[in-house]
Each structure stands twice: as structure tokens, then as C-alpha cells.
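J.: Below is a structure I'd like to ask you about.
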Amino acid sequence: MSSEIPSKSTTDGGPVPRTENDSLDRKLKNESEPSSGSGSGSESEEVESGTVDKKALLRKLDWRLLPAVGILYLLSFLDRSNVGNARIEGLADDLNMTGNQYLTGLTLYFIGYVLFEIPCNIILKRTTPRFWLPTLTIAWGIVATLMGIVQNLTGFFIARFFLGVTESGLFPGVVYYFSMWYQRRERQFRISLFFGFAALAGSFGGILAYGIGKMAGVVWENGWRWIFILEGIATVLVAFAAYWFIYNYPETAEFLSDKERKFILHRLASDSDATRDERFTWDNVAKALLDPKCWLYGLSFHTMSLPLYTFSLFLPTIIKDLGYEAAYAQLLTIPPYALAFVTTLAVAIVSERTGQRALPLIGSALFAMIGYIILLTNSDPTNRPGVSYVGTFFAAGGIYPATALALSWPAINVSGQTKRAVANAMQISIGNLGAVLGTQLYRANDGPRYFVGHSFALGYLVGEVVISLLLYFLLKRENKRREAITPEVKEVGELEDWSGDDDPRWRFQH
């Protein structure tokens, strides 16, 4: 039996069998339960007059958790997308790429990513965040660094595949990690802020590629190798430090006082299943695989991943083909990403305050569609580069907030720890199949208009609107059906008979 029970961790990150921590869990949970047995009642009178400032505690959690995992995701997105910067610095020429061989390398990354996403989240569930997230980061940092010394096309293909394998566990792992710290209504904004680091990676990538590109002639004729080597080494160094600044779960986080720990556990018990002592079982994995809603969450990201990754991987090439030199093209990628970061946060705030998920997502997708319509209708982009460049702002400003909202859906709607971990990984895996297709669309001889690629991106955004509307009405109808059966119960962490989101007492956010 004990082999099926996941480990928790001590404050120093070492695994301890959950059976040894059961008495502590029960003690903390019992101490944090409201005497009435229901509701939060001003967070149950600050957990029976423990006097904890909720807003101050949330700020404390945000400062401790978000920058740590955000930096790892910034490095992850930087290391996967800097190949676009390297391409215009001589990568394709030095490796003697012909035709669409560069696109094949991009596709192999997502094949590795898709194949290993669910296994990585299962490993996270069986180990700890402090061990697993930095270990993954070290692994992909090494692969990213080695990409700078590949000598032929085969080496490039192998490196891209294993970069996808090693990066596959970070994003779904962090989404699951947030669900063990924050209440349902608080997760969406944190996930959007976390995803906003991807936009920052685009801006930093342009700045770094511009500077590192000046190293052309140092050891190698072109500077693209230094982009991979220096950024990869930086990732490895940060990853080693992450063993000390990534925390596990509230029960063992050393930066919390006993009062704060009890308060967090009470809040989670009053809102979600995060405090439940759930064993890992394959039956819970099957619950996610057999739930149609989990597949729809995956399709929602699928229709966003194609425009997301084609934009991030090909933006330097798209801008360069408008007639700009490589160095200036690197710099011109920065402003659209800066706008994307701002819109991601702005839309997340609107969604958080209104309690709406689908409608802000649809609005963001429509905003991005304007960008692709501009790009497609500009029949002479080399003579009117400014028009197409404006289109990239609309595309970026809509793609990133829509993607962030799509990715937050299973984190707030799936109940059951293992089911949620698998659902998050399913969503990214299904979603990244769109990226696999997208990597084959921006072919070498299609520039500067890239009619096929832009058309697919526009079509996928239309698909996102359709999927979001479908989810909106499906979840709304299901909530009404459940309301006719039984009242909503939010304190699922305190229920002994809780089976997950298929319980009619659960309500979905739409």
C-alpha cells in the first residue's frame, strides 16, 4: 500500500513518506476547521482568532512563489524560442539546411514535448516540486547549451527533440502546483501572470539576441551558437539555485509561520481539494482521460497553441522578411511582446474581477484575429512594412491573454488532485499538437506574406471562439442541472465522501 502513496517533503526538500506525516496533516486540518463545520465565515474568524492578514499573506505567497517559477518559465520559453533568433543569425546556413528542414527541427521539439507531458506530471505527483522542477530545468539547460555546438542537421534534430522532452513537465507542473497553494478564484490571475513571463521571454530574447549576435567572429563565424550556449548556461546556473528558492506545499514551507500555515490550509479546505490526503491511483488518472470536459480544455489550448508558437518561433523571420536587417529585426520583436505582457495582465485582472472566463478569452481571440487580417490583407508587405508590423501588435496583444485564460480552465474546474494533474498535462499535450502542425506552415519560400501560415493562425483563432462558446454553454448548463439536484458545497476539503468534480455539489467556472 505504501508504494502507492505519494511523498510529501520536509522543509529541506527531502521526501518523507506520507504515512509519517498523517498525524500532522490531521492536526493542522482539525485545528483549521471552523467550529460550525461550514463556510469560511470571515475565514472562520481568522481560523479561530489566529489573526492573519489575508491580503498580506497572499502578497507574501505571490512574492515567494510567482517570481521563482516565473523565472524558470521565462528561461524555458527563451530556450525553446531562441531558435527563431538563431535562424536569422546564420543557423540554417551553417548547418546546410535546405527546403523545410528547419521546420522539421521545430516539429521534433513538440513531438518530444507531447509524449512526455503526462508522465512528467505523474512524476511530480510522486515526488516534490523542489526536487522535480529544478531537475527538469537543469536537464533542458544542458540540452539548450549543447545545441550551440551541433555540427550537422542530425545533431540539431536530436537536440530539439530532447529539449522538448526535458521542458515538457514545467508548465503543467506549475499549474498543478498553484492549485495546491491558491483558492480556485485566485488561480486564474496567478496562471496568467506566470504565463506573462513567456511574453517577457520574447522581449528579453530580442534584446539578448541583438547583443549576442555581435559576438559573430568569436570562435565561430556567426553568432547564433553563442545565443544557445550563453542562454543555456544561464538556465543551468539558475536551476541549481532553484533547489533553494522553490518551495513544496504549505504543510512544509519554511517561510510560513504556524498561524499562516493553518490559515492557508483552512482556506484551501474551504474552497478546494488541495488539503485532502489523496493517494495516487491509476483510477484517478482514468477519470481525467474519460472526462469529455478535459478533452475540450485541451482543444481550447490546441486552437491557441498554433498561433502562439508560430508567432513566437517565426516573428524574427517575419519581421526580417519585411526588409529589415537581422540586427534590427531582433530589436523590432521587443515592442509586440511588451504589449502582450501588458494585455495579458490587464485581461487577467478583468477576468478575475468579473468572474468571467470564456468571454474575456473570446474577446482576446477576436483582437488577435484583427492582427492576422491586417497581415493577410497587406498585399505588398515589403513596400508597406509598417502595416504588417502593426498587425503583429494586434496578434501578440490577443494571443497571449487568450492562451493564459485557456490554460487556467482545468486548474480552476477540475477537482481531484491526480485528475487535475493529469488534466493539466492532457491539455498541454493536446494543445501542442497544434504547435506540431504550426511548425510546418511558415515555409522558406512563403515569405514575406506567409499567406498559408497566417491563414491557418486566423482559422485556429476562429476555432478558439467556437470551442470557448461551447465550453461556456456546456458548463453553464451543467451548473443549472446540478443546482436542481443539490446546493453547491465549496468546503470540499472538509468532506469525507468527496469524489471529485463529478460530484453534483461542485460548480464549474465559465
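J.: Mind telling me which of the residues Leu296, Leu345, Leu339, Leu331 ends up being in a helix (DSSP H, G or I) and either out of contact with any helix residue (DSSP H, G or I) (no Cβ under 7 Å at 6 or more places or on another chain) or closer than 19 Å to Gly434 by Cβ (or both)?
T.: Matching residue, one of Leu296, Leu345, Leu339, Leu331: Leu296.
J.: For the stretch 144-159: of the residues being in contact with a Lys or Arg (Cβ under 9 Å, 6 or more places away or on another chain) and either without any contact (Cβ under 8 Å) to a residue 12 or more places away in the chain or part of a helix (DSSP H, G or I) (or both), which is nearest to Ala234 (Cα to Cα)?
T.: The selected residue is Ala144.
J.: Does at least one position in the stretch 484-505 carry a residue that is among the aliphatic types (A, V, I, L, M), closer than 21 Å to Thr281 by Cα and open to solvent by less than 40 Å² (accessible area, probe 1.4 Å)?
T.: The answer is yes, given that some residue of the stretch 484-505 is among the aliphatic types (A, V, I, L, M), closer than 21 Å to Thr281 by Cα and open to solvent by less than 40 Å² (accessible area, probe 1.4 Å).
J.: Look through the stretch 212-244, keep the residues that are of a type outside the set (Val, Ile, Thr), at pLDDT below 90 and in a helix (DSSP H, G or I), and return whichever of them is farthest from Ile399 (Cα to Cα).
T.: Residue satisfying both the conditions and the ranking: Met215.
J.: May I ask you to list the residues in the stretch 200-238 that are in contact with a Ser or Thr (Cβ under 6 Å, 6 or more places away or on another chain), open to solvent by less than 40 Å² (accessible area, probe 1.4 Å) and among the aliphatic types (A, V, I, L, M)?
T.: Ile229
J.: Out of (1) over 20 Å from the mean Cα position of the chain (by Cα); (2) crowded, with 20+ Cβ neighbours inside 10 Å; (3) under 28 Å from Leu469 (Cα atoms), what's the single condition that is false for His266?
T.: Here His266 meets the rest and fails (3).
J.: Tally up the residues in the stretch 88-107 that are closer than 18 Å to Leu308 by Cβ and open to solvent by 10 Å² or more (accessible area, probe 1.4 Å), please.
T.: 1
J.: Can you say whether Glu478 is closer than 17 Å to Trp295 by Cβ, under 22 Å from the mean Cα position of the chain (by Cα), outside any loop (DSSP other than H, G, I, E, B) and charged (D, E, K, R), as far as the supplied structure shows?
T.: No; evaluated as a whole, the condition is false for this residue.
J.: Which members of the stretch 417-444 meet the condition of being more than 18 Å from the chain's Cα centre (by Cα) and open to solvent by 10 Å² or more (accessible area, probe 1.4 Å)?
T.: Result: Leu437, Gln440, Leu441, Arg443, Ala444.
J.: Related question: When you go through (1) among the aliphatic types (A, V, I, L, M); (2) buried (at least 21 other Cβ atoms within 10 Å of the Cβ); (3) farther than 22 Å from Met426 by Cβ one by one for Ile118, which number turns out not to apply?
T.: Failing condition for Ile118: (3).
J.: Quick check on my filter: what residues within the stretch 465-499 are acidic (Asp, Glu) and either at pLDDT below 90 or touching a strand residue (DSSP E or B) at 6+ places or on another chain (Cβ under 7 Å) (or both)?
T.: Scanning the stretch 465-499 gives Glu488, Glu491, Glu494, Glu496, Asp497.
J.: Right, another one. Hey, does the stretch 193-211 have a residue that's over 22 Å from Tyr400 (Cβ atoms) and either of a type in the set (Gly, Ala, Ser) or out of contact with any Cys (no Cβ under 9 Å at 6 or more places or on another chain) (or both)?
T.: yes
J.: While we're on this one: Of the residues Leu133, Leu95, Leu91, which is in contact (Cβ under 8 Å) with a residue 12 or more places away in the chain and within 22 Å of the chain's Cα centre (by Cα)?
T.: Step by step, each of Leu133, Leu95, Leu91 is checked, and only Leu133 is in contact (Cβ under 8 Å) with a residue 12 or more places away in the chain and within 22 Å of the chain's Cα centre (by Cα).
J.: Sticking with this one: Can you pull out every residue in the stretch 289-298 that is more than 15 Å from Gly431 (Cβ to Cβ), open to solvent by less than 80 Å² (accessible area, probe 1.4 Å) and among the hydrophobic types (A, V, I, L, M, F, W, C)?
T.: Answer for the stretch 289-298, where residues must be more than 15 Å from Gly431 (Cβ to Cβ), open to solvent by less than 80 Å² (accessible area, probe 1.4 Å) and among the hydrophobic types (A, V, I, L, M, F, W, C): just Leu289.
J.: Can you spot a residue in the stretch 165-173 that is aromatic (Phe, Trp, Tyr) and crowded, with 23+ Cβ neighbours inside 10 Å?
T.: Yes, the stretch 165-173 contains at least one residue that is aromatic (Phe, Trp, Tyr) and crowded, with 23+ Cβ neighbours inside 10 Å.
J.: Sticking with this one: For the stretch 146-164, enumerate the residues that are open to solvent by less than 30 Å² (accessible area, probe 1.4 Å) and not charged (D, E, K, R).
T.: Met147, Gly148, Val150, Gly155, Phe156, Ala159, Leu163, Gly164
J.: Within the stretch 317-355, count every residue that is at pLDDT 90 or above, open to solvent by 20 Å² or more (accessible area, probe 1.4 Å) and under 20 Å from the mean Cα position of the chain (by Cα).
T.: Selection size over the stretch 317-355: 10.
J.: Does Ala139 satisfy the condition of being open to solvent by less than 20 Å² (accessible area, probe 1.4 Å) and either in a helix (DSSP H, G or I) or under 22 Å from Phe314 (Cα atoms) (or both)?
T.: No, not satisfied.
J.: Moving on. Of the numbered conditions (1) modelled with pLDDT of 90 or more; (2) more than 30 Å from Asp380 (Cβ to Cβ); (3) aromatic (Phe, Trp, Tyr), Phe314 satisfies every one except a single condition; which is it?
T.: Failing condition for Phe314: (2).
J.: Select from the stretch 348-376 the residues that are farther than 27 Å from Asn82 by Cα, polar (S, T, N, Q) and in a helix (DSSP H, G or I) and list them in ascending order.
T.: Scanning the stretch 348-376 gives Ser351, Thr354.
J.: Would you call Lys259 over 24 Å from Phe171 (Cα atoms) and at pLDDT 90 or above?
T.: Criteria met by Lys259.
The values are calculated or read from the model by the stated rules, or taken from the named source; none is laboratory data. This structure is a prediction, so every number in the text was calculated from the model and none was measured. Ideal geometry is used to build each Cβ from the backbone, glycine not excepted, and the neighbour counts take in all protein chains shown. All accessible areas refer to the heavy atoms of the entire protein, side chains included, with ligands and DNA or RNA removed. Shrake-Rupley method; radii C 1.70, N 1.55, O 1.52, S 1.80 Å.
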